[in-house]
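Asker: Below are the structure tokens for one structure; questions will follow.
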Amino acid sequence: MASLAELPRAAAAAAPAAGPLVPRVVRVERVHRETRDTVTLALRLPPGDPALEYRPGQFDMLGPLGTGEVPISVSGGAPAAGTVEHTVRDVGGVTRLLCGLRPGDELLLRGPYGTAWDAEDGVGGDVVLVAGGIGLAPLRPALLQVLAARDRYRNVVLLYGTRTPRDLLFSRELDRLRRRRDVVLEHTADYAEAGWRGRVGVVTDLVGRAPFDPGTTLALVCGPEVMMRLTATALVDRGVPASRVRVSLERAMLCGVGLCGHCQLGPLFVCTDGPVVSWDTAAPLLVIRER
Amino acid sequence: MQTIEAVLAEHPFFRDLEPQWVELVAGCGRIVHFRPGEDVFREGEPADRFYVLRHGSVAVQIYGPATGGVTIETAHDGDVLGWSWLFPPYRWTFDARAVIDTSAIALDGTCLRGKCDADPAFGYAMMKRFAEIMQRRLLATRLRLLDVYSHGVPR
Ligand SMILES: Cc1cc2nc3c(=O)[nH]c(=O)nc-3n(C[C@H](O)[C@H](O)[C@H](O)COP(=O)(O)OP(=O)(O)OC[C@H]3O[C@@H](n4cnc5c(N)ncnc54)[C@H](O)[C@@H]3O)c2cc1C
Ligand code: FES
């Protein structure tokens with residue numbers, strides 16, 4: 001009889017094009033160390049795997065073999081070539097194991113789950129992406145989607161805050177973005193050593209003067225909850241309708257598919273009604289004090 | 001070349017300030033430039049002015065034996081730098097150093113304080129503008145105190 005750890009492998013073998021509910025054994029193709037505590041894993045998936053059909057903003061449940069699973073957003077990849085990427089920050093038991101994976105290692109994946117950024121709703125207007133820390137990872141596929149159809153949008157603005165200059169994700173890509181004339185990229189660090197030549201301050205301060213027309217703007221915000229609250233408020237104060245500001249909620253998850261209630265936030269299950277929700281939905285829930 | 005008054009009238013800090021008051025402020029101003037690495041002011045020195053930045057970037061820094069030099073914040077185009085000129089003992093509490101070529105209007109604090117005292121309506125309008133900056137900086141400081149990027153997911 002197959003052991004518990006082997007069951008998903010048996011299921012995957014029996015049903016190569018399994019639905020998103022079935023965990024599949026997938027292989028790490030590449031590992032890129034982004035910062036001292038964060039890596040991007042490129043995972044090879046079998047042809048036809050539903051996770052290759054992800055929409056920007058969605059997440060997968062990832063589990064190193066023999067341990068638990070955690071929700072991790074898709075941060076990019078080349079679905080046509082059979083890979084998806086996840087950018088993982090080492091904060092605890094499971095994420096530490098994920099960050100320690102090497103090319104060739106296997107892990108479990110199920111997904112894609114949850115709602116998407118739907119950046120195409122911004123076509124014809126300005127798109128403002130505001131990322132804090134690891135929050136750039138879930139936004140990256142939306143940014144790439146917008147850049148792939150750049151002429152369909154007006155201003156494209158990325159505002160990015162990190163703890164220190166050393167915590168910048170996707171730094172080479174950001175260097176290339178900085179050189180583009182059709183994208184405004186502003187990065188700020190909360191703290192920096194004296195030699196740092198970039199901006200120091202909080203990301204919410206960037207919202208006030210960024211070049212966008214609030215009336216035509218779609219804003220996508222991802223980062224720690226306090227940062228998202230203050231950023232969304234600053235966007236609304238500048239005149240962006242709350243219904244045009246989207247945030248990606250984070251709650252600890254178990255099933256990821258709306259069955260267990262672990263991720264409940266007011267009337268929402270973050271795993272199925274979110275993670276991406278508009279600010280008019282999220283605002284009243286995030287100010288409820290949980291006891 | 002633009003006059004100091006025209007530069008101030010266009011600057012976000014003085015937006016919507018009565019034109020006669022902008023003229024009053026301009027009377028206390030002079031145009032200044034800083035090269036990269038040049039000090040704008042230094043901790044402990046008398047704070048007899050503040051700066052309205054036109055173009056450039058200035059790092060506000062503090063030095064400690066354990067931490068070395070740390071940049072606490074940076075000021076950029078459209079920002080205002082320094083409020084120590086407003087309150088006794090009128091001394092800078094941080095260092096400020098230009099990061100890149102920077103041009104600014106330096107406003108004489110003693111001159112401005114005199115005008116604020118002489119015309120309380122003008123003084124109040126100026127104070128409101130500085131209070132707003134201080135409130136924004138306080139919020140930013142609180143946010144950084146929370147150190148949000150190292151916090152976990154709500155369980
Ligand atoms: C929809 C969704 C998408 C997500 N996308 C990503 C992603 O793209 N990349 C990513 O790295 N993470 C992402 N997360 C967060 C990730 O799921 C958690 O970090 C993970 O579940 C933590 O599990 P763990 O076993 O490693 O930590 P645990 O062992 O469960 O926790 C260890 C300690 O770390 C703290 N902690 C837990 N989570 C975090 C955190 N995020 N930051 C700081 N401290 C934390 C806990 O409070 C605890 O003290 C996402 C979460 C959700 C809900
Ligand atoms: S994690 Fe089970 S309902 Fe959302």
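Asker: Once amide H atoms are built 1.01 Å from N in the peptide plane, which residues 5 or more positions from B:SER57, or in another chain, come under 5 Å H to H?
Answerer: B:VAL99, B:ILE100
Asker: Over chain A, what percent of the accessible surface lies on carbon and sulfur atoms, probe 1.4 Å?
Answerer: Details: 6770 of 12540 Å².
Taking all protein chains in place, chain A shows 54 percent carbon and sulfur surface.
Asker: If I take every Cα pair under 8 Å that is 6 or more residues apart in chain A, average their sequence separation and divide by the length, what percent do I get for the relative contact order?
Answerer: Working: 623 pairs, mean separation 46.5, N = 291.
Reported relative contact order: 16 percent.
Asker: Non-local amide H neighbours of A:VAL221 (under 5 Å, H modeled in plane, Pro and chain starts lacking H): which ones?
Answerer: A:VAL130, A:ARG246, A:VAL247, A:SER248
Asker: Looking at chain A as a GNM with Cα springs under 10 Å, which of A:ARG172, A:ARG24, A:ARG33 has the largest mean-square fluctuation?
Answerer: Judging by the Gaussian network model, the answer is A:ARG172.
Asker: Starting from the Cα of B:THR93, step 7 Å along the direction of its Cβ; do the same at B:HIS55; then give the gap between the two resulting points in nm.
Answerer: Using points 7 Å along Cα→Cβ, the separation is 3.3 nm.
Asker: Which value in deg cm²/dmol, rounded to the nearest 500, describes the helix-derived mean residue ellipticity at 222 nm for the protein assembly as shown, given -39,500 (n - 2.57) per DSSP H run of n ≥ 4 and division by the residue count?
Answerer: Taken over the protein assembly as shown, the calculation gives -7500 deg cm²/dmol.
Asker: So how far apart, in nm, are the two label points at A:ASP105 and B:ALA66 if each is 7 Å from Cα heading toward Cβ?
Answerer: With each label point 7 Å from Cα toward Cβ, the separation is 3.5 nm.
Asker: Shifting gears a bit: Using a cut-off of 13 Å between beta-carbons, work out the net charge of the residues near A:LEU169 (Lys and Arg +1, Asp and Glu -1, A:LEU169 not included).
Answerer: Result for the local shell: +1.
Asker: Can I ask one more? Show the residues, 5+ positions off or on another chain, whose built amide H is closer than 5 Å to the amide H of A:TRP117.
Answerer: Here the answer is A:GLY57, A:GLN58, since their amide H atoms fall under 5 Å of that of A:TRP117.
Asker: I need the trypsin sites (Lys or Arg not before Pro) found in the stretch A:191-279, filtered to DSSP loop residues with at most 14 other beta carbons within 10 Å of theirs.
Answerer: Passing both the DSSP loop test and the Cβ count: A:ARG197, A:ARG209.
Asker: Which FRET efficiency value, to the nearest 0.05, do you get for A:ASP182 and A:ARG96 by plugging their Cβ-Cβ distance into 1/(1 + (r/R0)^6) with R0 = 35 Å?
Answerer: Computed FRET efficiency for A:ASP182 and A:ARG96: 0.35.
Asker: What's the center-to-center distance, using Cα atoms, between the stretch A:237-283 and the stretch B:1-30 in Å?
Answerer: Result: 46 Å between the Cα centres.
Asker: While we're on this one: Simple spin-label model, 7 Å along Cα-to-Cβ: A:ARG150 to B:LEU146 in nm?
Answerer: In this crude spin-label approximation the distance works out to 3.5 nm.
Asker: Could you compute the FRET efficiency for B:ASP16 and A:ARG36, with r as their C-beta to C-beta distance and R0 at 56 Å, rounded to 0.05?
Answerer: The value I calculate is 0.75.
Asker: Okay, next question. Under the Karplus relation 6.51 cos²θ - 1.76 cosθ + 1.60, θ = phi - 60°, what is the ordered set of whole-Hz ³J(HN,Hα) values for the stretch A:208-219, x standing for Gly and Pro?
Answerer: x, 10, 5, x, 8, 9, x, x, 10, 8, 10, 10
The values are calculated or read from the model by the stated rules, or taken from the named source; none is laboratory data. Small disclaimer: the values here were computed from a predicted structure and weren't measured. Note: ideal-geometry Cβ built from the backbone for every residue, glycine included; neighbour counts use all protein chains shown. Accessible surface areas use protein heavy atoms only, side chains included; no ligands, DNA or RNA. Shrake-Rupley method; radii C 1.70, N 1.55, O 1.52, S 1.80 Å.
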